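Undergrad: First the structure, which I've put down as structure tokens, then a few questions once you've had a look.
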Amino acid sequence: MSDTVLPGPYPGPPSRTRRLRRRAVTGAALSLLIALTGCTSSTEEDSSPAGRGADTTPVAVTGPLCDVLPAGDEPGNPASLVGQTPDQALTWIPVLTTFEAAVRATGMAEELSAADGVTILAPTDDAFKAKFSTANVDELLLKETETLRGLLREHVVTGAHSVTDLVAAGTVRTLAGTDLAVTPADSGARVAEKAETVCADYRAGAARIHVVNKVLGSLPDTAHEEEHHH
Amino acid sequence: MLSALLAATLAATMAPAQAQAEPAGAAAQAEPNQVQGLAVVQGDGYATLSWTPVDGATDYQIERTPVAEDGTATGTAVITGVWRPNRQINNSEPTFADAGFAPGNRFQWRVRARVGSEAQPYSTPVAGLTNAHWGDPDTPGQNLRTQWENTLGAQYTSDVNEYAYTQAVDELSERVRVVEIGRTIQNRPINMFVVGYPTPPATPEAVAATNPLLVNCNVHGNEPGDREACLIMARQLAFTDDAKTLDLLSKTTMLILPTLNGDGRATGARGNSTGQDLNRDYSLIRQPETRAFVEMVRDYRPIAGYDGHEYGNANTGDLPMLPPRHQNVAQGIFDESQNMIEGHMYSQGAKDGWWACPYGCTGASVGLGEETILRNTLGLKNVVNSLLELRSSGGPTRPDESNTANNRRRKTYSALWTFNQFLQYHGANTKAITTARAEAITFQSTNTGRIVFRGSRPIEAYPAPHPGETPPPLDAPTPERILQQPPCAYKLTEEQYHGERTDGPAGQRTTVAQRLAAHGWKVIKLADGYLVPLAQPERGLVPLLLDGQAVEGLVAGERVMPTRTGTHNGPLTLTGVNCIDGATLRGPLRVQPGATLIMTGTSVNGPIDVTGAAGVFLGGNTVNGPVRVVGTTGPVNVVGNKVSGPVDVLNTQGAAALVAGNTVNGPLGCSGNATTPVNLEVANSVSGPKFNQCSRL
């Protein structure tokens with residue numbers, strides 16, 4: 001388990017602007033391209049987004065997957081995400097690319113950044129792959145964003161709750177209005193009798209992010225409908 | 001999913017202290033069945049382990065431990081892989097490419113045999129420093145890094161970062177020119193690196209003359225591993241000092257297309273912004289992305305290609321590959337593609353520790369003959385090529401790593417290895433590739449043999465112990481998908497040809513005319529329609545778009561069957577549309593103004609005189625006499641003919657005449673043509689002088 005407590009002296013994600021300027025490399029953009037030469041002296045870079053608020057805040061993430069996610073002083077380490085908005089933080093957790101894409105596709109960033117905090121049960125890419133066919137994921141991302149938004153809300157709980165708090169509560173209600181039973185598990189918590197937290201207690205702004213290994217909600221399974229092929 | 005890796009990790013942590021107590025290279029007595037001779041060689045993003053086989057071993061486990069300079073462990077020992085005897089072609093010299101680690105760190109490796117499931121003693125450990133991200137951090141250009149590298153794999157390179165990186169490489173390297181070949185539906189640029197030494201040729205035509213090779217890095221937005229390899233490789237080629245690489249680049253041009261599907265990549269979707277799987281659209285080119293690609297192939301004319309993907313099936317090798325299998329692909333293109341895969345990649349993989357294997361070897365119904373898939377489309381365009389899959393799943397030989405940075409690095413650096421090997425293969429086999437291509441273009445232009453609407457060539461299992469469990473599915477064509485007697489052309493109506501189609505995205509819809517032009521096909525305009533002859537280089541693809549029996553066609557054109565096939569004695573004067581196939585003509589042949597001549601596989605004893613024709617297609621004929629093609633108003637293709645006598649192509653009014661692969665016992669003369677005739681790099685053999693516009697054909 002990673003109990004790492006480290007500052008995140010690392011520039012944040014580049015802005016995801018939709019404007020495409022083929023002939024426009026600013027000095028700042030170019031500097032992002034130059035190799036980091038090992039000496040990551042911390043003080044100069046504390047103004048970067050990933051550095052803000054990450055100076056002394058200890059973040060202990062727990063679960064079997066944490067060991068293979070960014071840790072220590074690596075870009076995207078848990079401490080570096082504390083000062084970021086939840087949607088930004090999701091871009092740094094490598095196993096959440098589908099969930100992160102879904103947040104962007106549905107414009108949920110603001111909802112996740114609620115001042116009172118939320119708890120995000122974020123399923124891994126493997127969880128999405130086990131649940132939905134690739135074609136179905138494409139449909140959700142590109143066309144059925146209302147359905148997708150509903151699915152995401154089944155994974156968000158009002159208030160920022162640690163995994164310990166969730167287990168203590170026993171039941172939590174999602175933004176979609178569904179109730180999720182939470183029971184203790186070796187990995188941390190078992191949610192809705194199917195999903196387990198695999199790396200829990202990320203903090204991002206006012207939110208908590210718990211990575212889980214199953215997709216929740218009531219959409220039908222479609223993964224069996226196709227071969228994944230070229 | 002994670003449990004296998006965890007179990008392996010836990011098992012591996014039991015004994016590391018013991019290994020460290022044993023000084024490397026000590027003359028300690030070898031234990032029974034202990035692996036000997038372990039050596040480690042560092043590559044870019046991987047380390048090749050090799051060792052002496054143990055008699056009776058079932059397989060071998062590879063263990064990696066992060067260590068400090070003094071050899072003490074700084075992290076957990078992990079089983080990073082299993083080497084099985086059937087995983088590569090050279091079983092007597094096992095090698096394993098360990099990958100996934102962050103570049104530039106120190107590790108030690110140990111290997112142990114297993115007999116059955118019983119683990120034998122570990123080898124003496126070997127430590128080493130892995131290569132850092134490629135390029136000297138203090139050398140301009142070499143010190144560029146992608147977002148993916150800078151974040152140690154936590155993030156993939158965004159579109160915006162790609163454009164900045166691409167432009168920086170372009171500006172800092174004389175060897176690179178970045179061209180925008182088109183735009184996506186959402187108006188993202190589709191860029192391509194054009195790389196040559198000391199500089200790349202200035203125009204597509206000049207590039208085509210250098211036998212270029214092409215890597216297509218990202219067609220499915222949710223399969224980003226190859227794209228990162230391409231961005232790194234572009235930097236390597238742009239800024240390397242390696243003499244061998246520069247020598248290769250001095251003889252050819254490498255085309256690297258990082259992101260065809262920028263919209264899908266940005267949203268994380270497989271398809272483009274409409275949800276269309278672009279790798280089911282390369283023949284139909286309904287979408288602007290695939291159309292831009294096909295136009296690029298038409299103009300730059302790569303002779304070899306790789307198409308990068310990822311694959312989630314656990315029961316396969318590291319690097320599944322597959323040649324163009326559609327049965328309309330010329331045999332030589334299929335054979336040379338197989339030679340690239342089995343002859344080069346399998347043997348190089350055995351040296352460097354990567355398990356290249358056939359795609360579709362898991363029993364899944366994949367890797368078939370759809371002409372809509374780039375692998376097959378390129379084959380039908382006479383390009384030697386292969387699919388490349390990067391296995392994203394774990395499995396019997398690699399740990400299940402989920403979508404972590406380790407997993408991303410293994411995939412990307414295995415792709416980087418493949419694309420570098422592709423450049424090596426191309427340099428060593430240019431002659432074989434160009435020969436296969438020339439024969440294919442000539443063969444297709446003669447419109448010989450049956451047409452298969454869909455169906456694959458069989459791929460034999462590699463001789464045991466082969467790098468795959470089973471060969472890909474047979475996928476033979478069913479009887480209703482075979483046309484024994486090919487037509488000589490398809491005739492389209494004005495509406496079929498110029499009517500706007502509704503199968504493309506709103507605002508960017510195209511006509512059949514535009515799509516055939518994008519493919520580079522030649523079309524004869526008639527008074528009452530349009531004629532698309534099969535006797536041209538992409539003959540195998542023509543019926544797949546224009547025949548009513550096609551599985552995924554564009555329009556059902558009217559089949560125009562040969563009008564003359566037998567023997568004719570005496571002079572012939574032709575008007576109207578004439579399709580002559582496999583005939584014997586004894587006497588002079590004269591074609592009148594306004595007529596069309598499509599003639600294949602025919603023997604002509606006498607002069608051929610064509611003046612003011614609407615179109616002339618001569619493929620694979622034997623002519624004893626002079627051939628004069630003068631003042632043609634439409635297309636002219638003269639390919640693969642044997643002519644005893646002078647050949648003249650004069651005053652062609654339309655597009656460039658194609659004069660290729662002919663054997664002319666006499667002079668070849670071209671003058672007065674509106675556009676200089678071309679040969680698509682398929683030389684003519686001419687005993688006499690070559691005049692004027694044909695002097696370089």
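Undergrad: Under 12 Å from the Cα of B:K411, which aspartates and glutamates turn up, not counting those fewer than eight places away in the same chain?
TA: Once the sequence-local aspartates and glutamates are set aside, what remains near B:K411 is B:D98, B:E223, B:D226, B:E228, B:E310, B:D318, B:E389, B:E401.
Undergrad: Can you pull the percent of the protein assembly as shown's accessible area that's carbon plus sulfur, 1.4 Å probe, other chains left in place? Could you put the intermediate results ahead of the total?
TA: Working: 16540 of 32640 Å².
About 51 percent, which is the carbon plus sulfur part of the accessible surface.
Undergrad: Further, regarding this structure: Using the crude model of +1 on Lys and Arg Cβ and -1 on Asp and Glu Cβ, and no other charge, please compute the dipole size for chain B relative to its Cα centre, in debye to 20.
TA: Roughly 1800 debye, rounded to the nearest 20.
Undergrad: Measuring from label point to label point, each 7 Å out along Cα→Cβ, what is the B:A132 to A:E225 span in nm?
TA: Distance between the two pseudo-spin positions: 5.0 nm.
Undergrad: Is there a simple number for the mean count of other chain Cβ atoms within 10 Å of the Cβ of residues in B:143-150, and what is it?
TA: On the way: counts 5, 4, 5, 2, 5, 0, 3, 8.
That average works out to 4.
Undergrad: Identify, among B:I62, B:V115, B:T95, the residue whose Cα sits farthest towards the positive end of the charge dipole of region B:56-139, taking +1 on the Cβ of Lys and Arg and -1 on the Cβ of Asp and Glu, with the dipole about the Cα centre.
TA: About the Cα centre, the residue reaching furthest to the positive side is B:V115.
Undergrad: OK, next. Near B:K525, which lysines are there with a Cα under 16 Å away, not counting those fewer than 8 places off in the same chain?
TA: B:K491
Undergrad: Antiparallel as a % of all DSSP beta bridges within chain B, to the nearest 5?
TA: Roughly 45 percent of the beta bridges in chain B run antiparallel, per DSSP.
Undergrad: Mind checking which aspartates and glutamates have their C-alpha under 13 Å from A:K214, skipping anything on the same chain fewer than 8 residues away?
TA: Here the aspartates and glutamates satisfying the reach criterion relative to A:K214 are A:D125, A:D126, A:E154, A:E193, A:E196.
Undergrad: With a Förster radius of 56 Å, plug the Cβ-Cβ distance of B:N187 and B:E93 into 1/(1 + (r/R0)^6) and report the FRET value to the nearest 0.05.
TA: Efficiency for this residue pair is about 0.60.
Undergrad: Determine the gain in length on full extension of the stretch B:N105-B:A476; use 0.36 nm per residue of separation and subtract their C-alpha separation, reporting nm with one decimal.
TA: Details: separation 371, 0.36 × 371 = 133.56 nm, distance 4.96 nm.
Residue separation times 0.36 nm, minus the Cα-Cα distance, leaves 128.6 nm.
Undergrad: For region B:348-379 and region B:591-607, what is the separation of their Cα centres, given in Å?
TA: So the two Cα centres are separated by 43 Å.
Undergrad: Here is a follow-up. May I ask you to compute the full-extension gain from B:T663 to B:R280, defined as 0.36 nm times their residue separation minus their alpha-carbon distance, rounded to one decimal in nm? Don't skip to the answer; put the middle values down first.
TA: On the way: separation 383, 0.36 × 383 = 137.88 nm, distance 3.88 nm.
Additional length available on full extension: 134.0 nm.
Undergrad: Based on the mean of other Cβ atoms within 10 Å per residue, sort peptides A:180-187, B:607-614, B:261-268 so the most packed one is first.
TA: Put in order of decreasing packing, that is B:261-268, B:607-614, A:180-187.
Undergrad: Let me ask something else. At a probe radius of 1.4 Å, what is the per-residue accessible area of B:M192, in Å² to the nearest 10?
TA: Spelled out: B:M192, probe radius 1.4 Å, area about 0 Å².
Undergrad: Hey, what's the per residue convex hull volume over the C-alpha atoms of region B:342-396, in cubic angstrom?
TA: Convex hull of Cα atoms, per residue: 107 Å³.
Undergrad: For peptide B:153-165, what's the mean number of Cβ atoms from other chains within 10 Å of each residue's Cβ?
TA: If you average over the peptide's residues, the count of other-chain Cβ atoms is 6.
Undergrad: Once phi is turned into θ = phi - 60°, what whole-Hz ³J(HN,Hα) does the Karplus curve with 6.51, -1.76 and 1.60 give for every residue of region B:473-485, x standing for Gly and Pro?
TA: Rounded to whole hertz, the list is x, 5, 6, 5, x, 7, x, 6, 10, 10, 10, 5, 9.
Undergrad: Work out the charge dipole of region B:485-560 with +1 on the Cβ of Lys and Arg and -1 on the Cβ of Asp and Glu about the Cα centre, then indicate which of B:G548, B:A506, B:P537 is farthest towards its positive end.
TA: In region B:485-560, that residue is B:P537.
Undergrad: Probe radius 1.4 Å, ligands and nucleic acids left out: which of A:L140, B:L368 has the largest accessible area, and how do the rest follow? Please list the in-between numbers first.
TA: On the way: A:L140 10, B:L368 35 Å².
Putting A:L140, B:L368 in descending order of accessible area: B:L368, A:L140.
Undergrad: Ok, one more. State the Kirkwood hydrodynamic radius of chain B in Å, one decimal place, computed from all pairs of distinct Cα atoms.
TA: On the way: mean 1/r = 0.0369 Å⁻¹.
It is 27.1 Å.
Undergrad: Same structure, new question: With labels modelled as points extended 7 Å from the Cα through the Cβ direction, what inter-label distance (nm, one decimal) is found for B:Q424 paired with A:T171?
TA: 6.4
Undergrad: Suppose accessible area is computed on protein heavy atoms with a 1.4 Å probe; arrange B:F239, B:F96 from highest to lowest.
TA: Working: B:F239 20, B:F96 0 Å².
I get B:F239, B:F96, largest accessible area first.
Undergrad: What is the average number of partner chain Cβ atoms found within 10 Å of a Cβ in B:261-267? Please list the in-between numbers first.
TA: Values: counts 0, 1, 1, 3, 0, 4, 7.
Counting Cβ atoms of other protein chains within 10 Å of each residue's Cβ and averaging gives 2.
Undergrad: For the pair B:S365 and B:T567, what calculated FRET efficiency results from E = 1/(1 + (r/R0)^6), where r is the Cβ-Cβ distance and R0 = 35 Å, to the nearest 0.05? Could the numbers behind the result be given before it?
TA: On the way: r = 48 Å, r/R0 = 1.38.
FRET efficiency, B:T567 to B:S365: 0.15.
Undergrad: Sort A:98-111, B:629-642 by packing, meaning the average of other beta carbons within 10 Å per residue, with the highest value first. Please report the intermediate quantities before stating the final value.
TA: Details: A:98-111: 19.7, B:629-642: 22.5.
With the highest mean Cβ count within 10 Å placed first, the list reads B:629-642, A:98-111.
Undergrad: Over both sides of the A-B contact, add up the buried accessible area with a 1.4 Å probe and give it to the nearest 100 Å².
TA: Buried area (both sides, nearest 100 Å²): 4400 Å².
Undergrad: Please list B:563-576, B:243-256 highest first by mean number of surrounding beta-carbon atoms within 10 Å per residue.
TA: In descending order of packing, they fall as B:243-256, B:563-576.
Undergrad: Radius of gyration and Dmax for the protein assembly as shown's Cα atoms, expressed in Å?
TA: 30.4, 101
Undergrad: Would you mind checking the pairs A:K143/B:K381; B:K251/B:K690; B:K244/B:K351; B:K642/B:K690; A:K129/A:K194 and listing those with alpha carbons more than 24 angstrom apart?
TA: Flagged as over cut-off: A:K143/B:K381; B:K251/B:K690.
Undergrad: Right, another one. Please compute the per residue accessible area over the protein assembly as shown with all protein chains in place, 1.4 Å probe, rounded to a whole number of Å².
TA: Counting only protein heavy atoms, the per-residue value for the protein assembly as shown is 35 Å².
Undergrad: Report the calculated FRET efficiency for B:T676 and B:A39 (r = Cβ-Cβ distance, R0 = 56 Å), to the nearest 0.05.
TA: The value I calculate is 0.50.
The values are calculated or read from the model by the stated rules, or taken from the named source; none is laboratory data. Because the structure is predicted, anything quoted here is derived from the model rather than measured. Cβ coordinates were reconstructed from backbone atoms using ideal geometry, including for glycine residues, and neighbour counts include every protein chain displayed. Please note that ligands, DNA and RNA were not included when accessible areas were found on the heavy atoms of the full protein model with its side chains. Shrake-Rupley method; radii C 1.70, N 1.55, O 1.52, S 1.80 Å.
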